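Heads up: the structure comes next, in structure tokens.
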Amino acid sequence: MTTSYTSNSASTTVELKPSYNIPLVLVIVAIPLFLVQPWVAGVFALLGLFLMFQTVTLRLFFTPTDLDIYRGEKLIRRFPYREWQNWRIFWNPMPILFYFKEVKSIHFLPILFDPNTLKACLEERCPQI
């Protein structure tokens, strides 16, 4: 069901590889922060561990018609491209947040997957106006 990303692959399904950058940064920042503000460090560490769990368990697939989110083998959400109005990846030097707007809702997702493949798939399958 998965393929690696190649140009002109809009007719294939692309699975985004996980990226552990954000969870690792949060956990690493929590370590020295513990000496200064233990409760703030605890919040950073818990958020980092939660995002690490999400990175391990969630998978994003760009199909020819939808963005599908799986937890293991179970499809948990499908976002048809035809309902998308806009998308954006925030902070280009180190992408941290992916935003997209559908006809009826807005979504924000932390970048827990390969940002380069994400951007390439978005530009190919949901070009911005």
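Figures for the structure shown
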read-out	value
Tally, over the stretch 25-63, of residues that are under 22 Å from Asp114 (Cα atoms), of a type in the set (Val, Ile, Thr) and over 15 Å from the mean Cα position of the chain (by Cα)	5
Residue within the stretch 66-79 that is at pLDDT 95 or above, surrounded by 11 or more Cβ atoms within 10 Å (Cβ to Cβ) and more than 16 Å from the chain's Cα centre (by Cα) present	no
Residue pairs meeting the criteria (Cβ under 7 Å; at least 6 apart or on separate chains; first farther than 14 Å from Val27 by Cβ, in the stretch 49-61; second among the acidic types (Asp, Glu) and not in a helix (DSSP H, G or I))	Arg59/Glu15; Phe61/Glu15; Phe61/Asp68
Ile96 free of Cβ contacts under 8 Å to residues at least 40 places away in the same chain and of a type in the set (Val, Ile, Thr)	no
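The values are calculated or read from the model by the stated rules, or taken from the named source; none is laboratory data. No experiment lies behind these values; they were computed from the predicted model shown. In this analysis, Cβ positions are derived from the backbone assuming ideal geometry, glycine residues included, and neighbour counts consider all displayed protein chains.
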